[in-house]
Amino acid sequence: MQRDGVRLNLPAFRFWSHHSCRLFAMSGRASGVYEPWVLWVVLFLALISFGAEAKVHFHKWKVNYQTWAPDCVQVNIISINGQYPGPNIRAREGDTIVVQLENLIPTENVVIHWHGIRQIGTPWNDGTASISQCAIYSGETYVYKFVVDRPGTYFYHGHYGLQRSAGFYGSLIVDAARKEPFTYDGELSIVLNDWWHKSTYDQALGLTSNPFVWVGEPQSLLIEGRGRYDCSATNNSCNATNTQCSPHVLQVQPGRTYRLHIASVTSLSALNFVIQGHRMTVVEADGHYVDPVEVDNLDVYSGESYSVLITANQDPSQNYWAGVNVRGRQPKTPTGLAILNYLPNPSTKFPSAPSPTSPLWNDYAYSKALAKKFVALKGQEELPPLQSNRRLILLNTQNKINGYIKWAINNISLLPPPTPYLVAMKYKIKGAFNANRPPDIYNPRDYNITIPPQNPNAVEGSSVYVFTLNSVVDVILQNANTLTANNSEIHPWHLHGHDFWILGYGDGVFDPAKDPPKYNTVNPPLRNTVAVFPYGWTAIRFKADNPGVWAFHCHVEAHFFMGMGVVFAEGIEKVGRLPNAAMGCGLTRNKIHIHE
């Protein structure tokens, strides 16, 4: 494994002295080679800035199934070292994370995606099966090694099949190496999730069957892996006294202010997070500082992460509910609850008030207005180039292929090949994927987004969007009606290997002539995940400056499983020699000792 492939991850040092180091970092990253004098200057500035040597954090993980009761109903989950959720990772920007992962599941392969970590210099460790690496077979061990180059709230999760739905996830928090633009007295962290009693095997079977069987709405909403299902409503093994499903407790001292890290790994649900009687100030989103926004509640879409500041300024004799409710789908799932515990009150003291409510599930105007409030904090974030070199308009549609329901982008449903794209493109393996260029746009005159598709038939494909290294790319995500009349859904889209600027949201069909002049290029937020609202569009811009092959997909687990995604690539010639452990499947099964 090319463990020295993590060259000084220079973008980690982006905050030095009014960005005076950016020229060094960007010139080196563009070429993939750093002149010795540049390295010495950068190293010197790094030592001044960080004031401490970067550390290596080593984790040894064993992944397996075991029985658990996240919402009091006993089911099989995927655990790490017998723990659910998985172990928390905590590091400082510039540190190196090493995870030695052993797959003990006898019937399944696994991979882990480090959500929000750009993997600059280590694209093979992005953790996407068939895209960046071969899946880790049962009984095998794989070592992930990468640098966390930017502070913020992140997480990790399985990226193979529906394993995120089986509980394969955990928190990853990166501390800043310099003073941050806000203060607090303590920190708290939660990961939000939705939960089914039906196994991921059964869910996957339904999604790939004809007739189609949808996974349905979740039975519970979990906060830090804990929820509560009404045991009287099931014949399954359910024990309301099981400590595994007792509410998660957030302990606070009266009068103090806390930074609460929030991340969503939901498989389906858009959520709204609210703390009874407390306002929140949003200060960070997806690892980037935002202009502080005070809110009563916060929409959190799958794949998103936030830091909010809360002050324990209510009656100290009471405890309070923290809750999550479903957004964008008619709620059939009870509120997920945790306890904000004012010390020294006992954590077992339940709040006397009813569980907190959220805005109406289909109040999309509220959600759009809230999303537009988040803008970059002045002077702390890079601004986007004013022009792009290429524009993609990607139409999300629900389709059929040979009678089976799928999702497609510009009429192509993604079917990743057995040979990882990164391997095939790096070593020029012919026939590993469809080499034809996928369509950059669809013709809006030929498609009515307000009705079910007149011709629902799509095709499966494995083609790749290839960008010129360091070019600027605009992507417009266009939403449409599903196969069901009068129905369009929220789709949270996540880009691997990059952050992007959110330039704008719009209703109806994107107009290439009228809508771009309305883009926010003054203070757009940098994110890695963004929502596309029903019957609308979202525009993003990013720099294709990270050599590798990267997934861009809907973060709803079932939607990506059914083909809602595309593959981006740039600068493959700059990617270092791939580790053998990332290969050994598909056309490379018997050719893992590949030399350029």
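The values are calculated or read from the model by the stated rules, or taken from the named source; none is laboratory data. Keep in mind that this is a model prediction, so the values were computed, not measured. Here the Cβ is made from the backbone with ideal geometry for all residues, glycine too, and neighbour counts use every protein chain on show. Accessible surface is based on the protein model in full, side chains and every heavy atom, while ligands, DNA and RNA are left aside. Shrake-Rupley method; radii C 1.70, N 1.55, O 1.52, S 1.80 Å.
Pairs please, first residue from region 487-508 and closer than 28 Å to P452 by Cα, second anywhere and in a loop (DSSP other than H, G, I, E, B) and charged (D, E, K, R), Cβ atoms under 8 Å, 6+ apart in sequence or on different chains.
If the second residue must be in a loop (DSSP other than H, G, I, E, B) and charged (D, E, K, R), the pairs left are E489/R329; P492/E304; G504/D515; G506/D515.
Taking the residues in region 474-488 that are over 20 Å from the mean Cα position of the chain (by Cα) and aliphatic (A, V, I, L, M) as candidates, determine which candidate is surrounded by the fewest Cβ atoms within 10 Å (Cβ to Cβ).
A485
So which residues in region 353-398 are of a type in the set (D, E) and closer than 25 Å to G508 by Cα, if there are any at all?
Here is the first cut: in region 353-398, the residues of a type in the set (D, E) are 363, 381-382.
Hit for region 353-398 is D363, nothing else.
Would you mind listing the strands (runs of 3 or more DSSP E) fully within region 39-110 where at least 2 residues are open to solvent by 70 Å² or more (accessible area, probe 1.4 Å) and modelled with pLDDT of 95 or more?
Here the list reads 56-68, 89-92.
For S138, state whether it is open to solvent by 10 Å² or more (accessible area, probe 1.4 Å) and closer than 25 Å to V530 by Cβ. Walk me through how you get there before you give the answer.
Values: open to solvent by 10 Å² or more (accessible area, probe 1.4 Å): yes; closer than 25 Å to V530 by Cβ: no.
Criteria not met by S138.
Which pairs turn up if I take residues in region 366-389 that are without any contact (Cβ under 8 Å) to a residue 12 or more places away in the chain and look for partners that are acidic (D, E) with beta carbon separation below 9 Å, at least 6 apart in sequence or on another chain?
Y366/D299
Limited to region 48-91, what total is found for residues that are touching a strand residue (DSSP E or B) at 6+ places or on another chain (Cβ under 7 Å) and either closer than 17 Å to F155 by Cβ or of a type in the set (S, T, N, Q) (or both)?
23
If you take the residues in region 500-536 that are touching a Leu at 6+ places or on another chain (Cβ under 7 Å) and open to solvent by 20 Å² or more (accessible area, probe 1.4 Å), which one is nearest to N479 (Cα to Cα)?
Y519
Select from region 415-439 the residues that are open to solvent by 20 Å² or more (accessible area, probe 1.4 Å) and aliphatic (A, V, I, L, M) and write down the one among them that is nearest to A485 (Cα to Cα).
Restricting attention to region 415-439, the residues satisfying the condition of being open to solvent by 20 Å² or more (accessible area, probe 1.4 Å) are 415-416, 418, 425, 427-431, 433-437, 439.
Right, trim to aliphatic (A, V, I, L, M) and you get 415, 425, 429, 435.
On the way: L415: 27, M425: 41, I429: 44, A435: 35 Å.
Here the answer is L415.
Looking at (1) touching a residue at least 60 places away in the same chain (Cβ under 8 Å); (2) open to solvent by 40 Å² or more (accessible area, probe 1.4 Å); (3) out of contact with any strand residue (DSSP E or B) (no Cβ under 6 Å at 6 or more places or on another chain), which is the only condition P316 fails?
(3)
Can you list the strands (runs of 3 or more DSSP E) lying wholly within region 291-337 that have 3 or more residues being over 26 Å from Y154 (Cβ atoms) and over 22 Å from the mean Cα position of the chain (by Cα)?
Numbers: elements: 297-300, 305-311, 320-327.
The strands (runs of 3 or more DSSP E) meeting that bar number zero.
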